[in-house]
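Below is one structure; the comments refer to it alone.
The values are calculated or read from the model by the stated rules, or taken from the named source; none is laboratory data. Only a predicted model underlies this, so the values are computations on that prediction, with no experimental measurement involved. Note that each Cβ is placed from the backbone with ideal geometry, even for glycine, and that neighbours are counted across all protein chains shown.
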């Protein structure tokens, strides 16, 4: 609109000048002065912009997800392209972007995202142009973008071999001889009853024989000896990364629902380091999930051998490999 208004005003000034109307020189001179001042101000100013991508909650595959892009910074009219990148599969979506920041108020742009695969969606703004007041002169500016959204994987089926390893992990035979636990299959001692003890742990035969109430003490696992390893290198094609993430997270959730701590390991190309997360709570699961969905796998050599020392130090005796 600003560009159209300025052009119409300039056209009017030219028309009046051609018709030799005195006011034509004034109008035309005013337009030229505005153009020069506006262009100089735009070219010399240091425009700073910041953007935040936000979403009320994690998204689901093949479902429209409403995102908000909040932009703050220097006053002006801007246009460019917003690129949304899936950090797990490498897929990108580009959307046109046009917004105005005025009066110190941020510009808010609503965006709809629909992804066929899971992954962490990051954003950056490309080819961003800042226009002067006439809308005719522009210069390129940079905008720092923060924020992301996770697209959750679907639940994956667990095959027989993986189910057998899960069962073995749930029946771990490594127990503490000092710390009390709740596994009734692993008694480590007998003591007198204390208020709050469960009646399920009472040793009735011994209690009747000794004339007082005695209870069994039970052990708890010393270490979580199972690790879910996801191969993010090797020859796995990008379209399979969605399947890998779904299988790994489904296995982890199956263990977590039974209260079994475990590890998740993979190489993150986005962070250029080995990820080795101990999962024993919803918080640690969320950390592992976020790291996996943004791991940015690459085809190349496999990385499992690099984890052997970590597995040994952490007492890992069983590894379920997802590849």
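Hey, could you check region 15-56 for residues that are more than 24 Å from residue 143 (Cα to Cα) and crowded, with 16+ Cβ neighbours inside 10 Å and say which is modelled with the lowest pLDDT? By that ranking, first place goes to 17.
Considering every residue within region 258-279, establish whether at least one is crowded, with 22+ Cβ neighbours inside 10 Å and assigned to a loop (DSSP other than H, G, I, E, B). Taking every residue of region 258-279 in turn, none turns out to be crowded, with 22+ Cβ neighbours inside 10 Å and assigned to a loop (DSSP other than H, G, I, E, B).
Within region 283-294, residues that are in contact (Cβ under 8 Å) with a residue 60 or more places away in the chain reach partners that are in a loop (DSSP other than H, G, I, E, B) and buried (at least 23 other Cβ atoms within 10 Å of the Cβ) with beta carbons closer than 8 Å, at six or more positions or on different chains, in the pairs 292/88; 293/88; 293/118; 294/88. The listed residues are 178, 186, 168, 162, and the only one of them that is closer than 23 Å to residue 280 by Cα, at pLDDT below 75 and in contact with a helix residue (DSSP H, G or I) (Cβ under 8 Å, 6 or more places away or on another chain) turns out to be 162.
Here is the figure for region 211-240: residues that are modelled with pLDDT under 80, over 18 Å from residue 262 (Cβ atoms) and in a strand (DSSP E or B) total 4. I need the full set of residues from region 299-321 which are surrounded by 15 or more Cβ atoms within 10 Å (Cβ to Cβ) and closer than 20 Å to residue 271 by Cα, in order please. Residues satisfying the conditions are 302, 303, 304, 307.
All of 119, 80, 59 fail the test of being in contact with a strand residue (DSSP E or B) (Cβ under 9 Å, 6 or more places away or on another chain) and either outside the structural domain of residue 139 (by TED's automatic domain parsing) or under 20 Å from residue 138 (Cα atoms) (or both), apart from 80.
Filtering region 81-90 to residues that are in contact (Cβ under 8 Å) with a residue 60 or more places away in the chain and surrounded by 17 or more Cβ atoms within 10 Å (Cβ to Cβ) leaves 86, 87, 88, 89.
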